[in-house]
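Trainee: A single structure is presented below for examination.
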Amino acid sequence: MTVVSVINYKGGVGKTTVTANLGADLAARGRKVLLIDLDPQASLTYSFYRPADFVEQPTIRSWFEAFVATREPEPLFKYVLAPPAVNAVVQPLGGHLHLVASQLGLVDVDLDLAAGLGGSRFQRSSPRYLQVYRLLADALAEQNFAGYEVVLVDCPPNFNLVTRTALVASDGIIVPARADYLSTLGIDLLRTRLSALVDEYNEVAERPINPEILGVVYTMVQYTSSGPLLTQRTSVETTSVIEMPVFRQTIRDNKSAMTEAGQRSIPAVLAPQGSPAIETLRYEIQQLTSELLALIRP
Ligand SMILES: Nc1ncnc2c1ncn2[C@@H]1O[C@H](COP(=O)(O)OP(=O)(O)OP(=O)(O)O)[C@@H](O)[C@H]1O
Ligand SMILES: [Mg+2]
């Protein structure tokens, strides 16, 4: 099983869109996929369920809350859902896509978890540091999860404790970003914080972690008739200056594909034969999936 977190500090850069579409494409290629929505905005969850169809379902918020209340994690497997619309498409192809959903209010969990470790500072000296930081890693190590080949975690746009549990559990990290100069700086900061987390954790832990940045995915790239906008090409090149791996495939700015797909509870990559906008997005996502598979080989 390979666990990959999709993360960027910046909001609205396409993290959730990339997670949902990669997950759907992997499942359509016959892979057993688990997606975890760690964002209190729950946009990943609502990529697979219409709000009216998503009532009284278990969510990761309750899972974390139960831990805060009892200090004993419940089996995460009880929280796994199988969204019906997308599975109707991928199961005949031999895969499946399961989801641990999210819910508003997960933000409070972040504060409660940090408080249990003595606030945001000096956490490492808490005897419960490893238990809390390893919450997700240990939950996914249960036998019930052994059947999944790829786990993709959609992170919220922050570096809070819940996000850090995802990074500790991860083998790889994908960083969706917009192709502008400020975003490039943000990516460098993310890398710095990630390596600080890894160092801090490894000083305490018996088994070291080493999540690898698989690459930056440039999203919402604007094209003119002669290719990507010049300013955006420049920032893609800047990424190589800060020495970050970059996925060759970029995702275009493609509002019509998003709007067309938005109604269906199925990511755009699995939309029926459609407009040129849908076909462009499908091609881009499929290329991205192939690059990802070459990197992780589950
Ligand atoms: N390639 C694209 N072209 C046009 N619009 C896009 C594209 N990718 C995503 N969007 C739209 O941009 C918005 C933000 O995308 P998304 O939710 O995937 O970003 P995010 O990084 O997960 O945001 P957040 O930080 O809020 O979780 C959504 O409305 C989405 O439909
Ligand atoms: Mg999101």
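The values are calculated or read from the model by the stated rules, or taken from the named source; none is laboratory data. Computed from a prediction, not measured in an experiment: that's the story for all the values here. Backbone-built Cβ (ideal geometry, glycine too); neighbour counts: all protein chains shown. With ligands, DNA and RNA removed, areas are computed over all heavy atoms of the protein, side chains included. Shrake-Rupley method; radii C 1.70, N 1.55, O 1.52, S 1.80 Å.
Trainee: Going through 185, 117, 190 one at a time, which residue ends up being closer than 28 Å to residue 216 by Cα and open to solvent by less than 60 Å² (accessible area, probe 1.4 Å)?
Mentor: 190
Trainee: Regarding the stretch 58-70, can at least one residue be identified that is of a type in the set (Val, Ile, Thr) and without any contact (Cβ under 8 Å) to a residue 40 or more places away in the chain?
Mentor: Checked against the condition, which is being of a type in the set (Val, Ile, Thr) and without any contact (Cβ under 8 Å) to a residue 40 or more places away in the chain, the stretch 58-70 yields at least one hit.
Trainee: Please identify the pairs in which a residue from the stretch 192-205 that is closer than 18 Å to residue 243 by Cβ has its Cβ atom under 9 Å from the Cβ atom of a residue that is in a helix (DSSP H, G or I), counting only partners at least 6 apart or on another chain.
Mentor: 194/167; 198/167; 198/168
Trainee: Looking only at the stretch 200-210, how many residues end up being more than 16 Å from residue 141 (Cα to Cα) and within 22 Å of the chain's Cα centre (by Cα)?
Mentor: So the count comes out to 2.
Trainee: Then there's this: Determine whether residue 127 is touching an Asp or Glu at 6+ places or on another chain (Cβ under 9 Å) and assigned to a loop (DSSP other than H, G, I, E, B).
Mentor: no
Trainee: Suppose the filter is within 16 Å of ligand 2 (Cβ to nearest atom) and either modelled with pLDDT of 95 or more or farther than 22 Å from residue 144 by Cβ (or both); does residue 12 pass it?
Mentor: yes
Trainee: Quick check: is even one residue across the stretch 187-200 over 24 Å from residue 117 (Cβ atoms), of a type in the set (Val, Ile, Thr) and within 16 Å of ligand 1 (Cβ to nearest atom)?
Mentor: The answer is yes, given that some residue of the stretch 187-200 is over 24 Å from residue 117 (Cβ atoms), of a type in the set (Val, Ile, Thr) and within 16 Å of ligand 1 (Cβ to nearest atom).
Trainee: Give the residue that is farthest from residue 31 (Cα to Cα), with candidates limited to residues of the stretch 145-189 that are in a loop (DSSP other than H, G, I, E, B) and of a type in the set (A, V, I, L, M).
Mentor: Ranking the qualifying residues of the stretch 145-189, first place goes to 179.
Trainee: Here is a follow-up. For the stretch 3-32, how many residues are within 16 Å of ligand 1 (Cβ to nearest atom) and over 13 Å from residue 288 (Cβ atoms)?
Mentor: 10
Trainee: Something else: Being near ligand 1 (Cβ under 9 Å from one of its atoms) and outside any helix (DSSP H, G or I) is the filter here, so list the residues in the stretch 251-268 that pass it.
Mentor: 251, 252, 253, 254, listed by residue number.
Trainee: So how many residues does the stretch 31-57 have that are crowded, with 20+ Cβ neighbours inside 10 Å, within 16 Å of ligand 2 (Cβ to nearest atom) and outside any loop (DSSP other than H, G, I, E, B)?
Mentor: Of the residues in the stretch 31-57, 6 are crowded, with 20+ Cβ neighbours inside 10 Å, within 16 Å of ligand 2 (Cβ to nearest atom) and outside any loop (DSSP other than H, G, I, E, B).
Trainee: Further question on the same structure: Restricted to the stretch 15-30, and to residues that are open to solvent by 10 Å² or more (accessible area, probe 1.4 Å) and of a type in the set (Val, Ile, Thr), which residue is nearest to ligand 2 (Cβ to nearest atom)?
Mentor: Selected residue: 16.
Trainee: Now, a different point. So for the stretch 220-228 (the condition being at pLDDT 90 or above and not in a helix (DSSP H, G or I)), does at least one residue qualify?
Mentor: Checked against the condition, which is being at pLDDT 90 or above and not in a helix (DSSP H, G or I), the stretch 220-228 yields at least one hit.
Trainee: Looking at residue 99 and the list (1) out of contact with any helix residue (DSSP H, G or I) (no Cβ under 8 Å at 6 or more places or on another chain); (2) within 16 Å of ligand 2 (Cβ to nearest atom), which single condition is not satisfied?
Mentor: (1) is the only condition that residue 99 fails.
Trainee: Just checking, does the stretch 146-154 include any residue being open to solvent by 10 Å² or more (accessible area, probe 1.4 Å), over 18 Å from the mean Cα position of the chain (by Cα) and without any contact (Cβ under 8 Å) to a residue 24 or more places away in the chain?
Mentor: no
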